[in-house]
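A short write-up of the structure that comes next.
The values are calculated or read from the model by the stated rules, or taken from the named source; none is laboratory data. Small disclaimer: the values here were computed from a predicted structure and weren't measured. Reconstructed Cβ throughout: ideal geometry from the backbone, glycine too, with neighbour counts over all protein chains shown. In case anyone asks, the SASA skips ligands and DNA or RNA and just uses the protein heavy atoms, side chains included. Shrake-Rupley method; radii C 1.70, N 1.55, O 1.52, S 1.80 Å.
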Amino acid sequence: PSGDWTVETKVDGSALNQSYQQGGLLVYTDDANYVKLDVVADSATARRLELRSEVGDVVQDPQPSLGDQTNGVWYLRLTKSGRRH
């Protein structure tokens, strides 16, 4: 979306019980340009938070991840303000 914006969601991590299940936010222009913030299940009991993005098919760094998250509710927010570089 153009201009400044904020998008938020609530994710119940206890609902993720199989590897690779994800819940969160995705701001998507196309396969080459996106940002996602989500809770991802690595197994039935292991979950982590991750932030991933690509610009022009180039994966952006850093790619932070917060591991060892337990079941629970997570409130996620992405905000864009100012010009895109």
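Miscellaneous remarks
- Counting charges near S53 (Lys, Arg +1; Asp, Glu -1) among other residues having Cβ under 11 Å from its Cβ returns a value of -1.
- Check: the chain dipole with +1 on Lys, Arg Cβ and -1 on Asp, Glu Cβ, in debye: 260 debye
- Heavy-atom surface analysis with a 1.4 Å probe gives the chain a carbon and sulfur content of 49 percent of its accessible area.
- Among A46, A15, A32, the residue with the largest mean-square fluctuation in a Gaussian network model of the chain, with springs joining Cα atoms closer than 10 Å, is A32.
- Per residue, in Å², the accessible surface of segment 21-68 once ligands and nucleic acids are set aside, probe 1.4 Å: 57 Å²
- Cβ-derived FRET efficiency at R0 35 Å, Q60 paired with E8, nearest 0.05: 0.95
- Among residues other than T9 with Cβ under 13 Å from its Cβ, the summed charge is 0 (Lys and Arg +1, Asp and Glu -1).
- Shape analysis of the chain based on the Cα gyration tensor places the equivalent ellipsoid semi-axes at 25, 14, 10 Å, largest first.
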